[in-house]
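S.K.: Got a structure here, written out as structure tokens. Questions coming.
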Amino acid sequence: MCEPERPFEYWEQHHCAAYGAAAEDGRDYYRYWREEVWDARLLPDLDAVATRGKYCNFARGLTWSLDDYYRAEDFDETDAILQRASARELAPAQHARLDELILANEHARLTLNAIVTTGIPEFEHSQALLDFRTAHRDDVPLNRIGLFANETRFGDITGLKSAAALQEYPLPWVPTALAWRFRLDPEDAGLAEGWQALSAADVARWELMRTDFQWENPYDGETYPSQEPREKLKNYDGIGWYAIEQAMPEGFAGREIHLYFGAVDESCWVYVNGQLAGQHIFEQPNDWNTPFEIRMDPFVDPEKARQGIRVRVEDRGGAGGIWKRVWLVSRMP
């Protein structure tokens, strides 16, 4: 900015000189990302990426389409460049600067893996990223990265929040469907009428309700639940039921199987195939916001492809309902 008449190449050389004998390697590293990725892949698509992110949010659009522009092979190439640089005779300060690049490059690889991988394996990548950040929490390069704010702003896109919450359980961690069947029970008649044992066909007629929003504030971005229950749910305190048909993953064979509830406002009773598997009663001030687990494998029917899970929720004051994601997790016996 002080000498704008200088060409870019001058400043590129000036910057890379900080790597001493590895200056050319540093230049090759930066040029790879600029020429092979930015110029060749991203630059022609800038408008499309911003449009994809809605409201011209380029960062969000890029996050939602990272695997269109970044590949594992890119990090193989850049790692090779950095390792070549690391083998050179460098002064301590030059090596320290290079080590920052190596650290940042590996962090970027792990972040990409955690964001773009879908299905159960994604949490292996989330766990790897969590372990890496924990091991390097005090390293300066990671503290300079602005991605962390975007991860929060765009949702749990790396799965790190889930990994932090579930790390005491062995993989795999299996998220249940985001939307469960839902029915209000203002007269508290469900138990007497046997709702806990209703068939899949019976509960299929219920409304859908997301399990990551409290029922008084259902998500506005979906067509469900319909307008009638939305109106009834405003300031609703009372009983509501959730239902889902859940397959058991093969990776849980020989383990104790638990339903992990991120949070329920306030009390709940969990039924598996019509039998009471466990309960979480609101007793302490933070119980509405506290995760808990309910063991379910003693009630699983091995002859059934899917297990009927019904949850009766009682809310007496707050916004009510299952409002943090429900997972299938396991413990070794």
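The values are calculated or read from the model by the stated rules, or taken from the named source; none is laboratory data. Since the structure is predicted, the reported quantities are computational estimates derived from the model, not experimental observations. For neighbour counting, all protein chains shown are included, and Cβ atoms are generated from backbone atoms with ideal geometry for every residue, glycine included.
S.K.: Can you name every residue in the stretch 188-197 that is assigned to a loop (DSSP other than H, G, I, E, B) and either among the hydrophobic types (A, V, I, L, M, F, W, C) or under 32 Å from the mean Cα position of the chain (by Cα) (or both)? Write out each step before concluding.
M.R.: Quick first cut of the stretch 188-197, residues assigned to a loop (DSSP other than H, G, I, E, B) only: 188-189, 194.
Result: Ala189, single match.
S.K.: Okay, next question. Just checking, which of Glu293, Glu314 is modelled with pLDDT of 95 or more, touching a Leu at 6+ places or on another chain (Cβ under 7 Å) and either surrounded by 22 or more Cβ atoms within 10 Å (Cβ to Cβ) or not polar (S, T, N, Q) (or both)?
M.R.: Glu293
S.K.: I'd like the residue in the stretch 213-231 that is surrounded by fewer than 18 Cβ atoms within 10 Å (Cβ to Cβ) and in contact with a strand residue (DSSP E or B) (Cβ under 6 Å, 6 or more places away or on another chain) and, out of all such residues, is farthest from Lys161 (Cα to Cα).
M.R.: The selected residue is Tyr224.
S.K.: Suppose the filter is modelled with pLDDT under 95, charged (D, E, K, R) and more than 25 Å from Leu184 (Cα to Cα); does Glu250 pass it?
M.R.: Values: modelled with pLDDT under 95: yes; charged (D, E, K, R): yes; more than 25 Å from Leu184 (Cα to Cα): yes.
The answer is yes for Glu250.
S.K.: Does the stretch 324-332 contain at least one residue that is assigned to a strand (DSSP E or B) and among the hydroxyl-bearing types (Ser, Thr, Tyr)? Please lay out each step first, then the result.
M.R.: The initial filter retains those residues of the stretch 324-332 that are assigned to a strand (DSSP E or B), namely 324-331.
Now narrow it down to the ones that are among the hydroxyl-bearing types (Ser, Thr, Tyr): 330.
Scanning the stretch 324-332 turns up at least one residue that is assigned to a strand (DSSP E or B) and among the hydroxyl-bearing types (Ser, Thr, Tyr).
S.K.: Can you list the helices (runs of 4 or more DSSP H) lying wholly within the stretch 103-187 that have 1 or more residues being more than 23 Å from Arg325 (Cβ to Cβ) and modelled with pLDDT under 85?
M.R.: Passing ranges, in order: 140-144.
S.K.: Here are some conditions: (1) under 30 Å from Arg133 (Cβ atoms); (2) in the same structural domain as Val264 (by TED's automatic domain parsing); (3) of a type in the set (S, T, N, Q). Ser162 meets all but one. Which one does it not meet?
M.R.: Against the list (1) under 30 Å from Arg133 (Cβ atoms); (2) in the same structural domain as Val264 (by TED's automatic domain parsing); (3) of a type in the set (S, T, N, Q), Ser162 comes up short only on (2).
S.K.: Filter the stretch 279-323 down to the residues that are of a type in the set (A, V, I, L, M, F, W, C) and part of a loop (DSSP other than H, G, I, E, B) and list them by number.
M.R.: Across the stretch 279-323, the qualifying residues are Ile281, Phe282, Met296, Val300, Ala305, Ala319.
S.K.: Can you confirm whether Asp39 is surrounded by 12 or more Cβ atoms within 10 Å (Cβ to Cβ) and closer than 26 Å to Pro92 by Cβ?
M.R.: Details: surrounded by 12 or more Cβ atoms within 10 Å (Cβ to Cβ): yes; closer than 26 Å to Pro92 by Cβ: no.
No, not satisfied.
S.K.: Also: State which residue pairs qualify: first residue within 25 Å of Asn105 (Cβ to Cβ) and inside the stretch 1-29, second residue of a type in the set (Asp, Glu) in any location, beta carbons under 6 Å apart, and separation of 6 or more residues or different chains.
M.R.: As it stands, the answer is Ala21/Glu89, since those pairs meet every condition given.
S.K.: Then there's this: Which helices (runs of 4 or more DSSP H) sit wholly inside the stretch 23-101 and have at least 1 residues that are out of contact with any Leu (no Cβ under 9 Å at 6 or more places or on another chain) and under 21 Å from Ala114 (Cα atoms)?
M.R.: Fully inside the stretch 23-101 and qualifying: 58-63, 72-86.
S.K.: Scan the stretch 42-76 for residues that are buried (at least 17 other Cβ atoms within 10 Å of the Cβ), at pLDDT 90 or above and not hydrophobic (A, V, I, L, M, F, W, C) and report the count.
M.R.: Within the stretch 42-76, residues that are buried (at least 17 other Cβ atoms within 10 Å of the Cβ), at pLDDT 90 or above and not hydrophobic (A, V, I, L, M, F, W, C) number 2.
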